[in-house]
Every structure is written in structure tokens, then in C-alpha cells.
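Here the structure comes first, spelled out in C-alpha cells, and everything after it is commentary.
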Amino acid sequence: MADWNRGNGAVDDMLDVENKRLAENLAGKVSRLKSLAYDIDKEAEEQNMYLDGMDSNFLSATGLLTGSVKRFSTMVRSSRDNRKIMCYVSIGLVLVFFLLYYLVSRIQS
């Protein structure tokens with residue numbers, strides 16, 4: 001009977017050691033997950049702030065474009081008899097747009 005208790009104690013010790021090893025392994029994984037969750041939270045906050053800034057930039061750009069379209073349509077309505085000048089102005093605006101697009105794409109890359 002003494003051998004049985006001693007053998008059982010050795011198994012218990014072995015199980016305790018295994019349990020502690022697994023608990024430490026699990027604690028390390030939990031710590032890593034907490035760190036990742038914190039990093040994700042910070043990144044989400046930074047992206048939200050960036051998008052909020054983009055919203056105000058988008059609204060100002062929309063206002064600028066709306067005003068430009070209104071001015072252009074007023075100019076088109078006021079000079080219906082001078083179509084040649086309007087054709088040159090339209091071509092000039094398209095060329096300016098492509099030039100600005102090219103310049104912005106060169107700056108960003």
C-alpha cells in the first residue's frame with residue numbers, strides 16, 4: 001500500500017509539473033493576445049482619426065468642386081453665342097485636370 005501512495009504522489013507531482021508548464025504557456029499566449037488587442041485598438045483609433053480628417057478634407061473639396069461647377073455652368077449659360085471660346089475653355093480645363101492629376105501622382109510616388 002505504501003508503494004501505491006508513493007507512485008500516486010509521483011504521478012501527482014508529474015501532473016502538477018505538466019499543469020504548471022501548460023499554465024505558463026497559456027499565460028504567455030494570453031499576454032500576447034492582450035498585446036495584439038491593444039495594438040489593434042490603437043491602430044483603429046489612429047485610422048478613425050485619419051478618416052475623420054479625410055471627411056473634413058472631402059467636404060471642403062466637395063464644396064470647392066460644387067462652387068466651380070456652378071461658376072462654369074453660369075459661364076456656359078451667359079455665353080451661348082460664343083461657342084468657340086467655350087470650347088477652348090473646356091479643353092483648357094480638361095488639360096489642367098490631367099496636368100494636376102499627373103503632378104499629384106508624381107508627388108505621391
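At a glance:
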quantity	calculated
Computed accessible area, L51, all protein chains, 1.4 angstrom probe, square angstrom	100
Estimated inter-spin distance, R106 and S73, nm [label 7 Å along Cα→Cβ]	3.4
Separation between Cα centres of region 82-109 and region 18-56, rounded to whole Å	46
R77 accessible area, assembled protein chains, probe 1.4 Å, Å²	140
Exposure of T74 as accessible area (Å², to 10), given a probe of 1.4 Å and all protein chains	80
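The values are calculated or read from the model by the stated rules, or taken from the named source; none is laboratory data. Here the structure is a predicted model, which means the values were calculated and not measured. Reconstructed Cβ throughout: ideal geometry from the backbone, glycine too, with neighbour counts over all protein chains shown. Heavy atoms of the whole protein, side chains included, go into the accessibility calculation; ligands, DNA and RNA do not. Shrake-Rupley method; radii C 1.70, N 1.55, O 1.52, S 1.80 Å.
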